[in-house]
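Here's the structure, in structure tokens; my notes come after.
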Amino acid sequence: MRILADENVHAEIVAWLRAAGHDVLWAAERLGGSPDADLASLAFEEGRIMLTNDLDFGRLVFRERKATRGVILMRFRTASSSELAPLFASHWPRVEKEASGHFVVLTNRKHRISHL
């Protein structure tokens, strides 16, 4: 899967996705400080799913009708950054199948998938 990870996505999640064989462009490495709308446009143009912790992507997609290939919004509540990658990985089998063309919200215990 081709993914554009927002700069607010933790490095351990990016590393986990890359180790799993996914093509991940991480904004923190090359696009730091880019506006959300620009990241969303780049993700769409390059055929990437947007991965973020930023609620603004909901506004961009649903209110402003920004074109997208899909969005994964992480809303994890955890005390330790070492828990993030395993938590993300626990959702991944279902999310990987459903992310394209959907807005996916991940929480500690569940995920919600909305068709775009």
Criterion (at pLDDT 95 or above, part of a strand (DSSP E or B), β-branched (Val, Ile, Thr) and within 12 Å of the chain's Cα centre (by Cα)) met by exactly one of Ile13, Ile3: Ile3
Taking the stretch 42-53 on its own, how many of its residues are in a loop (DSSP other than H, G, I, E, B) and under 19 Å from Arg109 (Cα atoms)? 1
Going by what's in this entry, would Arg94 be described as among the charged types (D, E, K, R) and surrounded by 12 or more Cβ atoms within 10 Å (Cβ to Cβ)? yes
Is there any pair with a first residue in the stretch 8-23 that is surrounded by fewer than 14 Cβ atoms within 10 Å (Cβ to Cβ) and a second that is of a type in the set (S, T, N, Q) whose Cβ atoms are under 6 Å apart and which are 6 or more apart or on different chains, and what are they? Asn8/Asn53
For the stretch 62-72, what are the residues that are surrounded by 15 or more Cβ atoms within 10 Å (Cβ to Cβ) and more than 20 Å from Met1 (Cα to Cα)? Lys66
In contact (Cβ under 8 Å) with a residue 24 or more places away in the chain, assigned to a helix (DSSP H, G or I) and closer than 18 Å to Ile113 by Cβ, is that true of Phe62? yes
Looking only at the stretch 65-116, filter to residues that are of a type in the set (A, V, I, L, M) and part of a loop (DSSP other than H, G, I, E, B); which one of those is modelled with the lowest pLDDT? Ala79
Out of the residues in the stretch 31-61 meeting the condition of being of a type in the set (D, E, K, R) and under 16 Å from Arg2 (Cα atoms), tell me which one is surrounded by the fewest Cβ atoms within 10 Å (Cβ to Cβ). Glu45
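The values are calculated or read from the model by the stated rules, or taken from the named source; none is laboratory data. Only a predicted model underlies this, so the values are computations on that prediction, with no experimental measurement involved. Cβ: placed from backbone, ideal geometry, glycine included. Neighbour counts: every protein chain shown.
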